Amino acid sequence: MKLFKQVLICLLIMCLLFASGPVSAQNAKDSMEYLRNLSLGFFEDDLMMTVAITLLVLAGIMGIIMIPVLILQDTSELIVEASGVVKDLQGNGIPGVEIIISRDYDGRQFKTTTRADGSWIVSFEVDRKRWDQQIKKEETNLTMWRNKEGWAFTNVYNEGKWVESTYIWKLEHEGSYTVSGRVMDDLGKGIPDVVLTFSGGYGSITTGPDGQWSKSGLSGTVNITPYQEGLAIWPSVLQVTGPGTTNNFEGSFLPAQFNVKASGVIRDDSGKGIADVHIVITREYDGFQFNTISKPDGSWEIWFEVERELWEKRRAEGKNNLTMLPQKDGWVFNCIFNEVQWLGDIFVWTLEHIGK
């Protein structure tokens, strides 16, 4: 009977407390006084014990309610959106760059690849409690890597901010590529001390003892021009647009004299060969001229020798070694193709002209 009375009083007190909302000490005292008067002293002896039990029960209920709330709050997930763009030094997007975002508190990684315009985006969740702990320790929460063979990347912009419940991390990067290769003779032996000049203001480098060379920090389209006195190198100009490790040149040492083959074809604007065009080739270092006449199909060919020392001197000065003049009464000729290459110790000059 005593236990029943205590439980009954507990229930009455809890009903009053919950019904009245936040309870002050005076309200609680007034409620207990009201219950004692209402019971006409029936519960007087057991009132203090009952109040204590009631408070313990309330504390237990509140604890049961608050513990999961606190747990959920500490371990709740937050959304992170990481995005950015990777471009070369000329502002062109670099596709195919692997982006790796590491969630530092547990090392888990999230990956993507840049699109054709160099853009990328990754979304994932983070643990709020662990995230906040790293902030308090002034540690990083996210780490990023960028990978593409032959490329090096520099961070040029980094911003992180909260937008409601999402942490937005934006980054921009610039990428530059590396090219390498070798200059070899016709037997595959490396040629040292060949100077390679890079267009676009990227300077020059020199091949090593084994003919190897490498150049970093390039962007966009770059022309590579090799040079060494007394050496004929093919190709005479190499164009690169991205990273590579097999950009090779082949060089042949010029004898005191070497042969030149100049040849080509002359056609009208309908593609028909023009015969009997007078071809004049001038060896510029001495002014000596070589002549021939185009055949019925418009083709022509001249062979002659040049002195290596004189040839190289004009080349070093940036001057022409050969000039050509096609002549035929009533015709005007425009060069539409001009290519030079070394084949062993032979300098081959190939031209095509359109006549009108």
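Straight-line reach from K356: which aspartates and glutamates have a Cα under 14 Å away, not including same-chain ones fewer than 8 places off?
Hits, sequence-local ones excluded: D268, D269, D329.
State the answer as a single residue: which of S199, A116, M144 lies farthest towards the positive end of the charge dipole of the range 88-231, with beta carbon charges of +1 for Lys and Arg and -1 for Asp and Glu, about the Cα centre.
Among S199, A116, M144, the one farthest towards the positive end of the dipole of the range 88-231 is M144.
Starting from the coordinates of the alpha-carbon atoms of the range 77-176, obtain the Kirkwood hydrodynamic radius over all distinct pairs and give the value in Å to one decimal.
14.1
For the range 289-306, take each phi angle, set θ = phi - 60°, evaluate the Karplus expression 6.51 cos²θ - 1.76 cosθ + 1.60, and give the result in whole Hz per residue in order, putting x for glycine and proline.
10, 10, 10, 7, 10, 5, 7, x, 8, x, 7, 7, 7, 9, 10, 6, 10, 9
Take every Cα pair under 8 Å in the range 271-356 that's 6+ residues apart, average their separations, divide by the length, and report that relative contact order as a whole percent.
26
For I274, list long-range residues whose amide hydrogen, built 1.01 Å from N in the peptide plane, is under 5 Å from its own amide hydrogen.
I266, R267, D268, G298
For the ranges 277-289, 329-341, what's the packing order if you count other beta-carbon atoms within 10 Å of each residue, average per peptide, and put the highest first?
277-289, 329-341
If you average the C-alpha positions of the range 312-331 and of the range 108-145 separately, how far apart do those two centres end up, in angstrom?
The distance from the Cα centre of the range 312-331 to that of the range 108-145 comes to 62 Å.
Radius of gyration and Dmax for the range 257-355's Cα atoms, expressed in Å?
13.9, 42
How big, on average over all directions, is the shadow cast by the Cα convex hull of the range 182-252, in nm²?
That works out to 4.3 nm².
Any read-out appearing in this document is the output of simple, stated calculations on the displayed coordinates, not a laboratory observation. Source: prediction; values computed, not measured. Neighbour counts are summed over all protein chains in view; Cβ atoms, including those assigned to glycine, are modelled from backbone coordinates with ideal geometry.
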